[in-house]
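Novice: Have a look at the structure that comes next, please.
No lab work stands behind these numbers, since they all come straight from the coordinates. It should be emphasised that the depicted structure is a prediction, and the values quoted were computed from it without experimental measurement. Don't worry about glycine lacking a Cβ; one is built from the backbone with ideal geometry, like all the others, and counts go over all protein chains shown.
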Amino acid sequence: MGTDPGEPTARAATTNGRPPALRVRGVSKAFPGVRALRDVGLEVAAGEVHALVGENGAGKSTLMKILFGVHQPDAGTIELGGRTVTIPSPQAAQRLGISMVHQELSLVPALDVARNVFLGREPARGPGLVDWPRLYRDARALLDRLGIRLDPRIPVRRLSTAQKQMVEIARALAWRPSLVILDEPTSSLTPAEIDELFRILRGLRDDGVAILYISHRLEELGQIADRVTVLRDGGYVATLDARRTTIPELIRLMVGRSLEQQFPKEVVPLGDEALRVIGLTRRGVLRDVSFAIRASEIVGMAGLVGAGRSETARALFGADPHDAGEVYVRGRRVTVRSPSDAIRAGIGLLPEDRKTQGLVLPLSVATNISLATLPAVSPGGVVRHRLRAALARRFVRDLRIRTPNIAFRTRNLSGGNQQKVVLAKWLASDPRVLIFDEPTRGIDVGAKVEVYHLMTDLARRGVGILLISSELPEVLGMSDRVLVMHEGRIVADLPRTEATQERVIAHASGEAVHA
Amino acid sequence: MLDRERAQMPVMPPEATTPRLEQAANRRRRGDVAQFLLRYGIVLALLALQIALAFLSPVFLTVDNQLQVLLQASINAIIALGLTFVIITAGIDLSVGSTAALAGMVGAKAMGAEVPWGVAILLALGVGLAVGAANGLLITRLRITPFIVTLGTLSVVRGLTLIYSEGRPVFGFPKAFNERVAGDLGPVPMPVVIAGGVALASWFVLRYTRLGEYAYAIGGNEEATRLSGVAVDRTKVGIYMVCGLFAAIAGVVLSARLRAAEPNAASGYELDAIAATVMGGTSLFGGEGGVVGTIIGALIIATLRNGLNLLNVQAYYQQLAIGLVIILAVALDRFRQ
């Protein structure tokens, strides 16, 4: 059917008077403690890229899982090409022509590209016998058709994340589905790889495939999507023409209020030195890292992946060993060999991955909040549940953690609220210095701003903050000073006024060493 | 910061949540009924088993026979409670049967050497703590998985028992020892009383102490717990010591019941104990589980054995039946998740 880029594409849904490839009507779904979806409707036409956006917890994942047969809706109907269907399982979804590219990669590392692409539906040459030559021929043909330059015989383990993502997409397309669902496909890709992905998606769209595209990256929607549907709190908000809307408008619709300020930076008078690190070295990882942070100061740390930012944090916090270096907290020398040493010295660390390093997911909000300070509520080794509940409730209230109660499992909270629980754990330990390692990764716009407010709040109360982030606008927006790391050392120390995007990138990529 | 924190802590209303979250909590509570049934499905299973056996055998429901079931469950329950601690941390201890045998043997030999029986018991319990400490240190220092370490010590400790006893059983304990450890307290056999005491202590430790709290946290996410400043390695050593201690208690009780310490005593007991623990809902992946479930698990195994005996079912079929029940119970648990 071909899409003329000059024309408004909102008409796509009614093209030729044919029923849309996908029509969702009045779908609702509740889980214990969460109303995930409420009366949501959506239409995706054949040959359309339809983006689905919303904060974490808005219901995007639930809707996707319903479409892919993982969950069953409590109410509502799903139509494919005008026919009402039920989708009892992922297998059924595939039979109906629905494919999904998962956010978390689900490939078998030991098998090669072709075998991963056809895993579970290998061409047969007899009962139980695989037609290997045909499998490799088909894989070759599929990769060629999609314009993916990959050898079908390379084990997936040897591929980069982006290449794995391509294999995942090839696998989803091996069936020639009529509807493809992509869940945050660009979250681990570089700009060049994203262009490549978009090229493939446009090719599919022009072949008449309907594409449902979920993303947190609002800036890329204008490039790829025809229409955008916004969900908020499990409900339908609006469907817009992707090329006519703006990012502020989308954010406003997602959050339900306008964000006057993305980075609520406040200039707070700085106090005395809170932390000084001299010559921190870990062979092959960190070389002679030295810096200082004053009370009430937010020091940003920028750099490329692998430059040594998280490694600095972990060594400083005693989570990893170091070979040399001295650490002073408020002018007093401290020896940090383990996280408990660091905590005693007044240093806290919000680790970069809250699910694997920050939280004990099967345990409650209260347990997680008190984990670093349990001795305070368990004199003599005996936990006083009342004291602990009071501690937890105080932080749930102060940080506005949205949870039904303090006994709620942290696994069932949204990303932003999980991050607040980790933050509460550290606030409870009353730190002098708090290291934020990627504090807003994977959390939604509204929760991000709340985290920034909490950071500002802490600074006002005299805590020294080290902010490590891969999101440069965040580092530049929140920091009083920016340290740039490159290959295990600090190569620049820029005051707020001099820290521009260009300058930081130049230092981070090692191009400005002599500047 | 300790005292300051407590002083600052305001008296809070019990629920300071918005109405919407209140609703969510209500829905959750309704969901809890279903959760409860599934969660305590194991209790229902035990009840069903009891009712069925009550109809099938006139003897089953008599007080004497019920006490017999408790007695049969007691030693397995004590070992399984120790294992519950370990499995909550996502570990495993296969050496518990061997530890019970060595502890029983050390106690018996000590009594044979005219050591007062109270002191002999302490020596036996010391053996359990030592084996537990060895397991814990090997696991945390050498970073070997618990399965492998304790598979090794299962054999090492059994070997030590055989060497120490020269392969011969030891008899002739002081009467006071036999009576205090394996006699009766009123109508109730002492092993049942001891198992009850161990269960209460375990419940308290798991629910109210730092050690118990950290056990769940380690099992739920070891890395996050370490990064919260918890001395994970030290906690784990402590947990394996608890497990060794309980195995030693079981070993002493067993020798008193049998009036003999045998070098091959308690062999294979680790499997019954793991079965009781897992049936009781303690996840092998760690982070969840508890005392009540483990006790019920031990009771189901004992009830089944007792019932099949009363019904004159051949021993071969008993093996088969118990195996099937274990799989069924864990399948139920999977379903719950």
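Novice: Checking the structure you have, find out if any residue of segment A:453-466 is under 21 Å from A:Asp288 (Cα atoms), buried (at least 18 other Cβ atoms within 10 Å of the Cβ) and aliphatic (A, V, I, L, M).
Specialist: yes
Novice: Inside segment A:345-379, can you point out the residues that are surrounded by fewer than 18 Cβ atoms within 10 Å (Cβ to Cβ) and either of a type outside the set (D, E, K, R) or facing chain B (nearest Cβ under 8 Å) (or both)?
Specialist: Passing the criteria: A:Thr356, A:Pro375, A:Pro379.
Novice: Just for segment B:180-227: of the residues that are basic (Lys, Arg) and within 11 Å of chain A (Cβ to nearest Cβ), which one is farthest from the chain's Cα centre (by Cα)?
Specialist: Step by step, filter segment B:180-227, then rank; the result is B:Arg226.
Novice: Of all strands (runs of 3 or more DSSP E) completely enclosed by segment A:463-515, which ones contain at least 3 residues that are under 25 Å from the mean Cα position of the chain (by Cα)?
Specialist: Those strands (runs of 3 or more DSSP E) span A:464-468, A:481-486.
Novice: List the helices (runs of 4 or more DSSP H) that sit entirely inside segment A:299-401 and contain at least 2 residues that are touching an Asp or Glu at 6+ places or on another chain (Cβ under 6 Å) and of a type outside the set (Val, Ile, Thr).
Specialist: Qualifying helices (runs of 4 or more DSSP H): A:309-317.
Novice: Here is a follow-up. Is it the case that B:Phe177 is away from chain A (no Cβ under 14 Å) and in contact with a strand residue (DSSP E or B) (Cβ under 6 Å, 6 or more places away or on another chain)?
Specialist: no
Novice: Which one is nearest to A:Glu219 (Cα to Cα), of the residues in segment A:160-189 that are part of a loop (DSSP other than H, G, I, E, B) and touching a helix residue (DSSP H, G or I) at 6+ places or on another chain (Cβ under 7 Å)?
Specialist: A:Thr186
Novice: So which of A:Gly47, A:Gly76 is part of a strand (DSSP E or B), surrounded by fewer than 24 Cβ atoms within 10 Å (Cβ to Cβ) and touching a strand residue (DSSP E or B) at 6+ places or on another chain (Cβ under 9 Å)?
Specialist: After ruling out the rest, the residue left standing is A:Gly76.
Novice: Has segment A:421-440 got at least one residue that is touching a Lys or Arg at 6+ places or on another chain (Cβ under 9 Å), farther than 20 Å from A:Leu399 by Cβ and surrounded by fewer than 17 Cβ atoms within 10 Å (Cβ to Cβ)?
Specialist: No, segment A:421-440 contains no residue that is touching a Lys or Arg at 6+ places or on another chain (Cβ under 9 Å), farther than 20 Å from A:Leu399 by Cβ and surrounded by fewer than 17 Cβ atoms within 10 Å (Cβ to Cβ).
Novice: Here is a follow-up. Name the residue, out of B:Gly183, B:Gly197, B:Gly172, that is touching a strand residue (DSSP E or B) at 6+ places or on another chain (Cβ under 9 Å) and free of Cβ contacts under 8 Å to residues at least 40 places away in the same chain.
Specialist: B:Gly183 is the lone residue from the list that is touching a strand residue (DSSP E or B) at 6+ places or on another chain (Cβ under 9 Å) and free of Cβ contacts under 8 Å to residues at least 40 places away in the same chain.
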